[in-house]
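Novice: For reference, the structure I am asking about is given below.
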Amino acid sequence: MNQSLAQKPHDQLAAALSGEMEAVNRLIRTRMASEHAPRIPEVTAHLVEAGGKRLRPMLTLAAARMCAYEGEHHLKLAATVEFIHTATLLHDDVVDESGQRRGRPTANLLWDNKSSVLVGDYLFSRSFQLMVETGNLQVLDILANASATIAEGEVLQMTAAQDLKTGEEIYLQVVRGKTAALFSAATEVGGVIASADEAQIKALYDYGDALGIAFQIADDLLDYQGDSKVTGKNIGDDFRERKLTLPVIKAVAQATDEEREFWRRTIEKGRQQDGDLEQALALMDKYATLAATRDDANGWANKAKAALSVLPDHPIRQMLSDLADYVVARLN
């Protein structure tokens, strides 16, 4: 692992792309305005200004820079990616009935569900306006497909999250929808707008896809073994919310009839009681599913790094490789 990981790769990327990110942030503020509905910028600003890492738009800028793009359309694409991400967060918080995100009250709690859904719709519309302005049909195709995949993944998660028949293949499909689709689209469009060759565009897609999967698997694992001060989540939140994530899916696959009945009661039926989380953790320990999940996350991080090999030799390429390491370094 590169020694520069001590500086956090996303901070390195932010520093390397600071001028372009400032331009993207200005564009975001301009385009989230609404002359006729002041609630739109109020709700949007609450989330956009919440101090997120802006990782997805940075990936678009990084891909374009690495492929020697000279122009300004990548700024619009980076803002597009952030708008799509913000819209999905607004919708997710309504669906999940969340009260907190990034340590702050959610928009649906501060305003209401209707405002969150409608402002999310507005941001989706804004994102399509921005991507059309680039005049690139391939970019429009990639981001439109990603938007559809994200929505499809959310619906699939809703039906699969509490069904013990959900296996690793369906889990991966959900993860590709809810997380990896926007990562891969973000990196791919950066290469497309820079007129990179087909092999490089494919490599950028593969990098974003594998990075997004590693990122989500790591997040799901941290729910059971993370530091709540760092993650902002309490240990076992996913269990209490009856979410079938990879550590549990692996435990269910190996469960005895008695253990399967425990999972059915707690996850499918939601009849949880004191001591259930501890029993769930004991079953995961029995079958070493946390370690197996960590191995999966590391495997996807390695796939992300391997995809970079055909891309131009550029300082940003090393930062993207370090970023893949950092995503899973949180697990150690």
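Values in this text are rule-based calculations from the coordinates and carry no lab data. Since the model is a prediction, treat every value here as computed from it, not as a measurement. Cβ sites come from the backbone with ideal geometry, for glycine too, and all protein chains shown count toward neighbours.
Novice: With Cβ to Cβ distances under 14 Å as the rule, what net charge do the other residues near residue 69 carry (K, R +1; D, E -1)?
Specialist: Overall, the nearby charge balance is -3.
Novice: For residue 26 and residue 285 in one chain, what is 0.36 nm times their gap in residues minus the Cα-Cα distance, to one decimal in nm?
Specialist: So the extension gain works out to 88.4 nm.
Novice: Oh, and also: For residue 240 and residue 278, calculate 0.36 nm times their separation in residues minus their Cα-Cα distance, and state this gained length in nm to one decimal.
Specialist: Length gained between residue 240 and residue 278: 12.5 nm.
Novice: Now for a separate question. Output ³J(HN,Hα) for the range 158-172: one whole-Hz value per residue in order, computed from phi by the Karplus curve 6.51 cos²θ - 1.76 cosθ + 1.60 with θ = phi - 60°, and x for Gly and Pro.
Specialist: Karplus values, whole Hz, x for Gly and Pro: 4, 8, 9, 4, 10, 10, 4, 6, 5, x, 5, 5, 5, 4, 5.
Novice: Out of 119, 132, 189, any idea which swings most in a Gaussian network model of the chain, alpha carbons joined below 10 Å?
Specialist: Per the Cα network of the chain with a 10 Å cutoff, 132 tops the list.
Novice: Just check the range 119-178 against the gyration tensor rule for me: Cα atoms, a ≥ b ≥ c as the square roots of the eigenvalues, rounded for a/c under 1.5, and otherwise prolate or oblate depending on whether a/b exceeds b/c.
Specialist: Oblate.
Novice: Tell me, what HN-Hα J-couplings in whole Hz come from the Karplus equation 6.51 cos²θ - 1.76 cosθ + 1.60 at θ = phi - 60° for each residue of the range 189-198, using x for Gly and Pro?
Specialist: 5, x, x, 5, 5, 8, 6, 5, 6, 4
Novice: For a distance above 25 Å, tell me the whole-number percent of Cα pairs in the chain that qualify.
Specialist: Result: 52 percent of Cα pairs exceed 25 Å.
Novice: Divide by every residue of the chain the summed helix terms, -39500 (n - 2.57) for each DSSP H run of at least 4, and state the resulting mean residue ellipticity at 222 nm, rounded to the nearest 500 deg cm²/dmol.
Specialist: Using -39500 (n - 2.57) per qualifying helix, the result is -22000 deg cm²/dmol.
Novice: Could you derive backbone 3J(HN,Hα) for the range 261-266 from the dihedral phi with the Karplus parameters 6.51, -1.76 and 1.60 (θ = phi - 60°), listing whole Hz in sequence and x where the residue is Gly or Pro?
Specialist: Couplings: 5, 4, 5, 5, 5, 7 Hz.
Novice: What is the magnitude of the charge dipole of the chain about its Cα centre, with +1 placed on the Cβ of each Lys and Arg, -1 on the Cβ of each Asp and Glu, and no other charges, expressed in debye to the nearest 20?
Specialist: 480
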